[in-house]
Amino acid sequence: MADPLFFTNRGPFTLAELAALTGAELINAPDSSIKMQDVAPLSVAEADQLSFLDNVKYKADFLETKAGACFVSPEMVQHAPDATALLVHASPYKAYALAAQAFYPAEKKDAFISPQAVIHPSATIGKGSHVEALAVIEAGVQVGEGAFIESGAIIKKNVCIGTHAKIGSNAVISHAAIGDYVSIYRGVCIGQDGFGFAIDPAGYVKVPQLGRVIIGDHVEIGANTTIDRGAGPDTVIGSGTWIDNLVQIGHNVKIGRGCIIVSQAGISGSTEVEDYVAIGGQAGITGHLKIGKAAKVAAQAGVMRDVPPGETVLGAPAMPSRQFMRQVAALGKLARK
């Protein structure tokens, strides 16, 4: 349950309201006007609280829950406690997410520019934006309306940021064009030099990094992630892609739409990641590869070759999942012998 010191509950909501909000079918409810005061996990939820079941591993908690209402899939209806109203949905976790957003909507800041922010006279800040103290916005920057820029963020010259962006504390952005509804979390660095150099016996020779970082709409970039600008072509992050904390994206990388990249993954320069790819935590992808549409790269995989569309790869060096499982099984047999 959310701590009221940090989160403001906008409830209660009736069961009828929750069903309408999420598109769920309400069953096993004596009265649709019953109000849910909050959301809570199955194991601790009370009679006036809303929960969800999305993973069969928690079936035992579901059987014992005291929750007043619960989002469930059609398959789990038969296992429900008698006293729990059911909000039946094909995707219970998505439905719960929508309900939780209603109870705890994202914080909205009033339009305000702190006198302690450092903003160049040539910068443009859109209507309704909120800029906290000690943010730095340099010459030629364009920020769209409704932006929220936290204290200590630095936006370097001529960067363009779309509407309703959120820029976290101590983020540093340069050489970038960023779309609408982008969330950049605390400590992110975008647009710094890519790791480009020519090798020479007398010493390495720096190659000027002359590209940009282009970020589409509705992108999330987690805390302390780093995205290098391109060497000549741009580094590109497609719309709807979500990037976790502590991810490294090298110069000239192109990431498609709707990708998921989990923490501590690294993508080397000039690799192309097509739409809807999922990359697990601590995966490493070497440079100049193509990861095909809707492919999956498992956690800690070491990818050294192209991955075809829709393929799932595991291991280091990474290989198709079936091949990996056969090798693990064969190794297990050898060990037992």
inquiry  = Quick check: convex hull over the Cα atoms of the stretch 13-103, volume per residue in Å³, rounded to an integer?
reply    = 74
ask   = the stretch 1-95: which trypsin sites (Lys or Arg not before Pro) are DSSP loop and have at most 11 other beta-carbon atoms within 10 angstrom?
value = 10
remark   = With DSSP loop assignment and no more than 13 other C-beta atoms within 10 Å, the chymotrypsin sites (Phe, Trp or Tyr not before Pro) in the stretch 203-295 are 204
request  = Extending each Cα 7 Å along its Cβ direction at residue 112 and residue 43, get the distance between those two points in nm, one decimal.
outcome  = 3.9
ask   = Under 19 Å Cα-Cα from residue 57, which lysines qualify once same-chain neighbours fewer than 8 residues away are excluded?
value = 66, 94
remark   = Any chymotrypsin sites (Phe, Trp or Tyr not before Pro) in the stretch 1-71 that lie in a DSSP loop and have at most 10 other Cβ atoms within 10 Å would be 6
note = With a Förster distance of 22 angstrom and the Cβ-Cβ distance between residue 217 and residue 157, calculated FRET efficiency to the nearest 0.05 equals 0.40
request  = Using just the helices of the chain, give the 222 nm mean residue ellipticity in deg cm²/dmol: DSSP H runs with n ≥ 4 each add -39,500 (n - 2.57), and the total is spread over all residues, rounded to 500.
outcome  = -3500 deg cm²/dmol
query = Using only Cα atoms, what is the ratio of the radius of gyration of the stretch 171-322 to 2.2 N^0.38 Å?
reply = 1.00
key: Amide H contacts under 5 Å for residue 52, placed H, 5+ residues apart   = 42, 71
request  = Any aspartates and glutamates with Cα under 19 Å of the residue 293 Cα? List them, leaving off those in the same chain fewer than 8 positions away.
outcome  = 272, 274, 275, 306, 311
Table column - 3J(HN,Hα) (Hz), the stretch 174-187, Karplus curve with 6.51, -1.76, 1.60, x for Gly and Pro = 9, 6, 9, 10, 10, x, 8, 6, 9, 10, 10, 7, 5, x
message = I need the P(r) histogram for the chain: all alpha carbon pairs, bin width 10 Å from 0 out to the longest distance, whole percents.
response = 6, 20, 22, 24, 19, 7, 2, 0, 0
Entries in 156/290; 206/290; 109/157 that, when Cα-Cα distance is taken, lie over 28 Å = 156/290
inquiry  = From the phi angles alone, apply the Karplus equation (6.51, -1.76, 1.60; θ = phi - 60°) to the stretch 195-207 and give each ³J(HN,Hα) in whole Hz, x where the residue is Gly or Pro.
reply    = 8, x, 7, 9, 8, 9, x, 7, x, 5, 10, 5, 9
ask   = In nm, what is the difference between 0.36 nm times the number of residues separating residue 63 and residue 120 and their Cα-Cα distance?
value = 14.5 nm
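Rule-based calculations on the coordinates, nothing more; no lab input. All figures in this text were calculated on a predicted structure; none of them were measured in a lab. Quick reminder, even Gly has a Cβ in these numbers, built from the backbone with ideal geometry, and neighbours come from all protein chains shown.
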